[in-house]
Every structure is written in C-alpha cells, then in structure tokens.
Amino acid sequence: MSTLRVRLDAPPTVGSPQPWALYDAAGALLRTGCDPPSRWPAAAVAEAVVAAAQVRVATLRLPPLPTGRLHAAASFAIEDQLAGPADAQHVAVSRQAPDGSVRAVIVERTLLEAILGLPAAVPGLQPWSRVVAEPDLAPAGDEWRWYADDTAADRAFMRFPDGSAMALAAPPAADELPDELLRLLAQTQPAPVAIAVHATVPPARLAQWTARTGVRFAATAPWRWNETPSASFAAATDLRQGDFAPASTLRPRGERRLWRPALLLVALALGLHLAGTVGEWAWLQFAARRDAAAWRALATGAGIADSEAADAIGARAALERRFAEARHANGLAAPGDALPLLARAAPALARLPRGSLKRATYAAGAWTVELGAVDPEALREFDAGMKAAGLPALIARSGAGTRARFGRTGA
C-alpha cells in the first residue's frame, strides 16, 4: 500500500506547488518532487506534514490525568505562551508519558482548516489519514539539535532534549550565529553542553561558534524530512484532534457482516462482565448515597441552609467556607489561604536552584509561580516535593522557563 506525504509551508491551494514524497508498502522512499496537487502521484494513503516554521512544540509536565481532561489541562498550561488570540490557535496533545510529560503541538487554526479542506478541492486526492508537525518527526537527544534542510534556508528548527521544538533560522553562511539562538542560550541556565547541527557547516565555523559561546557545536547529516523512518511518522502526534477530529464513517454492509461473529463474542463477554460487576456497582452506589447523606446531615447540623447543601459537593464546600469564616473571625488563617498554602509548598520551593523563582501570584485559592530555566532533575524533585506536601502542581515547561500552579485547582 503506497503512501504519499506532502510538506506544507503555508495554507495550500490547488495551484501552489508543494514538496512531496512517495513511499512503498514497506516504507521505502520511491521518489520525490515539488508540484501542485493535481500533479501529485496517486497513493492509497495520504499524510500531511506541517512545516516547522508554522508550528511550535511545547513539553508540559502534568499530574496524571484521564485522556478526556488532558487537552484542557495542556491548553491551560500553555495559555500564556500562545502567540495571538487563543481561539485562533489549535492545540494537539500526545499521550501522557509515565513521568507525566505531554507534548503539545500548536498550529494556526486557519492553516489546519486549509490543509484539511484541500482533498475536497482536488479530484482523486485521498483525505489526509494523518496530519503531523515536521519537528515531531525529528529525534530528540541528550543535547540540543539544530535541524536544517540545505535545500531551503527557511526550513530549520531546534529540538530540545525534553521533546519541545521551535522554528529557528538555518545555520548562517557567515560566522555570526542567529540573534535568536544567542538570546536563547543567554536565557537558558544551565546552558547546554553541546548542540548537534544537522546541516553542512565547515569545521572552522563550528570551532568559532564553540569558542564564542562555550557550547560545543558538532555537525552531522543535514535534515531531510522525507528520509524520516516510517516509525517516526507513526509516533508523531496527529493534529486532527478536537474540532478537527475526523468524523466516523459506516463500513459497507458486506464488511459489517464479517464482523458479526466477533461482535457476538464481544457482546457475550461484556454481558458476563456486567453481570459479575453489577453487585459491586450497586454497593458503590449505596455507599455514595450514604456518604452524601452524612455530609448533608453534618452541614445541616452546622446550621447551613438546605439550599447550600443540596448534594455532597455543595455540603462539603459550604462546610469548608464556614470553617474558613470561623477561622478568619478569630484572627486565624484557613488552610486554603495564601500563606498556609505557601507554607506547605515552602520546602519544595526552597530546594529549587537559587534565583530560579521569578514571580509568584495568588488568586482564587491557588498560587501560580513563574520559574526560570530549571534542569529536569531539579524539576522532578520539585514535583515530588509538592506531591509529598499534598499539593500536586500543574507544571508547564518550555525552552525559556517553567510555570507551576498549585492550590485549589491542583488539589
């Protein structure tokens, strides 16, 4: 089964040429070209690759979350990093790794709409089976990796060890490094030990960069998006999520008939499983109602109106408010106040490297702290310390720093 992959630098049109690559069923590259959609070769599967200049990849560290809540948590964590209005950006997230990290790919909604709408305007073009970001195809390593395509000066990006990535100018023909790279190195503490340059750069120029920055630059093979192994395409995050998720389609009648025996066996297994768990479910429902009644009785006994204690959640919240009001009336702090929360978090904050805490703000029962560049080990210790204090934090990390939030929303 052949696969066509197309790299898109801008919103595509039926007349704009785009670089493409055709692969056989084993994933071997057959041929490449740069043509308008009407001249692309026919293939059984079509995939789109969004150019690095049009996307950004952020790596976030979040508490363990169910899949349904992962997108909302990631969107909150990067809301202050979005360029332009939030509703103009689309965020797609990867699966959450065992250490809590999640890759978030950010792309303009208008660009993604144009890409997904192209097959309908081009006769014979298959709907995109996947849409991925170019930086997500490049391997991340222990060092920074500067990927550049020698065939086009604007096709360059930096990928960091945590998997995040950003567009960056290609290695220059002159001896001076790009200003944005110099600023990035100045803001990152500790600075990277080495930067692997995936481009054709003379050794003398690499040595000059190393001498100027103190960071070892080493050249390796130039970046070619169309030479990426099939496994890397399969592992990349599909941008067709949320509003852009593909609609499900019904299978042909004959194919559905082939699945009937298997579906019958699945239905029988589910029936047995349901029958075995119905007693446990009934007990859990009884226990939940009993606990809810206890909370309501406790709230009523404390003089709280029935309208405020209509259910267990409302009763508990009302009791917490009553407790906080009573503490405040006697000149005492409540557990959710700013200072008690900060005191619980103080041991974990104190273990951060000196100077890494840039700013802290308190609002709506939660603290938000802005950190400078913190190495992964220190960030893991901070995360563990916050969990030990009973304050698991939402942590968002980028190439320039880290943002953490704890308190009512993190408990």
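The values are calculated or read from the model by the stated rules, or taken from the named source; none is laboratory data. Keep in mind that what you see is a predicted model, and the values were worked out from it rather than measured. Because the Cβ atoms are built from the backbone with ideal geometry, glycine has one as well, and the counts that use them run over all protein chains shown.
Quick notes on this one:
- Top-ranked residue in the range 190-226 [being of a type outside the set (Val, Ile, Thr) and surrounded by fewer than 13 Cβ atoms within 10 Å (Cβ to Cβ); ranked as farthest from ARG159 (Cα to Cα)]: ALA204
- Selection from the range 36-49 of residues that are surrounded by 14 or more Cβ atoms within 10 Å (Cβ to Cβ), charged (D, E, K, R) and out of contact with any helix residue (DSSP H, G or I) (no Cβ under 8 Å at 6 or more places or on another chain): none
- Of all the residues in the range 95-104, those that are on the phi < 0 side of the Ramachandran plot and surrounded by fewer than 21 Cβ atoms within 10 Å (Cβ to Cβ) number 5.
- Looking across the range 321-374 at every residue that is hydroxyl-bearing (Ser, Thr, Tyr) and surrounded by 12 or more Cβ atoms within 10 Å (Cβ to Cβ), the one that is modelled with the lowest pLDDT is identified as SER356.
- One residue from ARG212, ARG322, ARG290 being over 30 Å from LEU4 (Cα atoms), within 35 Å of the chain's Cα centre (by Cα) and charged (D, E, K, R): ARG212
- Evaluation of ALA165 against (1) closer than 27 Å to ASP375 by Cβ; (2) modelled with pLDDT of 90 or more; (3) more than 20 Å from the chain's Cα centre (by Cα) (one fails), failing number: (3)
- With respect to the conditions (1) in contact (Cβ under 8 Å) with a residue 12 or more places away in the chain; (2) closer than 21 Å to LEU62 by Cα; (3) of a type outside the set (Gly, Ala, Ser), ASP311 lacks only one, and its number is (2).
- Qualifying residue in the range 358-370 (condition: in contact (Cβ under 8 Å) with a residue 60 or more places away in the chain and under 24 Å from VAL102 (Cβ atoms)): no
- Flag if LEU8 is in contact with a Lys or Arg (Cβ under 6 Å, 6 or more places away or on another chain), surrounded by 13 or more Cβ atoms within 10 Å (Cβ to Cβ) and assigned by TED's automatic domain parsing to the domain that holds GLN241: no
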